[in-house]
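Everything on this sheet refers to the single structure shown next.
Every read-out reported here was derived from the displayed coordinates using simple, explicitly stated rules and does not represent laboratory data. Note that the coordinates shown come from a computational prediction; the quantities given were computed from them, not determined experimentally. Cβ atoms come from the backbone with ideal geometry, glycine included; neighbour counts cover every protein chain shown.
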Amino acid sequence: MATTTRPRGKVRERREDVRRRVLRTTAEMMADGTPYTELPVQRIAECANVARSTFYLHFPDKSRLLIALADEAVEALFGEAVLWWRADHADGVDGVAHAMRQMIAAYREHRRVLHALGEVAGYDPDVAEFWRGRMRRFTDVVRDRLDAELRAGTVDPEMDVRTTAQVLIWTVERTISAHCHHDEGAGDERIARTLARSIWLTVYGVPPAPPGARER
């Protein structure tokens with residue numbers, strides 16, 4: 001007997017297409033300057049050319065939509081920093097500065113989503129838990145590295161690894177957020193170098209070597 005059931009692969013493909021369309025449309029609407037909190041579901045659905053009921057099949061509420069948008073943005077924000085924390089640090093403070101530049105660039109690219117994430121996390125428990133969870137994940141990366149440095153005897157033996165990791169992650173995130181909110185780019189290098197020096201001194205407790213000093 002012939003079947004009218006659509007192949008599962010096609011159904012899954014259509015669902016993914018709808019999901020991508022809603023996410024892309026929302027990002028484009030925010031790029032035009034409309035704050036996320038002022039975007040009604042009906043308008044998002046209409047602009048994405050999907051039914052409101054279809055929207056809710058993919059995103060039960062706007063909190064889940066924001067979390068989906070923020071997932072990529074947060075990964076981009078911390079991606080380069082994670083690479084630095086897992087590297088050998090042979091490039092000294094220059095390597096930290098490179099990571100900070102990349103974080104600043106990522107924040108600017110995703111600033112509207114990241115700003116909405118911070119704003120909504122202040123009152124929405126689901127968004128807040130997502131944001132805290134991601135921050136914990138990246139804090140764990142720093143903590144693991146500091147633990148390794150502590151065992152190797154390359155950092156202050158009295159360092160409180162867990163608290164130091166938390167302070168570093170939150171300091172960097174808050175500083176970059178505030179900087180990008182008030183600066184259009186002229187001060188990016190100054191912030192990147194200052195954060196890099198602060199991180200290096202916090203971890204290793206000594207000023208970074210002058211350029212070329214490590215080669216002598």
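Each of LEU83 and ARG52 was given a label point 7 Å from its Cα along the Cα-to-Cβ line. The distance between the two points is 4.5 nm. As a proxy for reagent exposure, GLU189, GLU149 were ordered by neighbouring Cβ count within 10 angstrom, fewest first; the result is GLU189, GLU149. Pairwise Cα distances in the chain exceed 26 Å in 47 percent of cases. Report summary: the helix-based calculation at 222 nm, which adds -39500 (n - 2.57) for every DSSP H run with n ≥ 4 and divides by the residues of the chain, gives -25000 deg cm²/dmol. The mean sequence separation of alpha-carbon pairs under 8 Å and at least six residues apart, normalised by the residue count of the chain, gives a relative contact order of 21 percent. When the Cα positions of ALA165, VAL18, LEU150 are compared along the charge dipole of the chain, VAL18 comes out farthest toward the positive end, with charges on each C-beta of Lys, Arg, Asp and Glu. Projecting the Cα atoms of VAL74, VAL203, LEU57 onto the charge dipole of the chain (Cβ charges, centred on the Cα centre) puts LEU57 farthest toward the positive pole.
Protection proxy ranking of 71-78, 98-105, by the mean of other Cβ atoms within 10 Å over each peptide's residues and highest first, is 98-105, 71-78.
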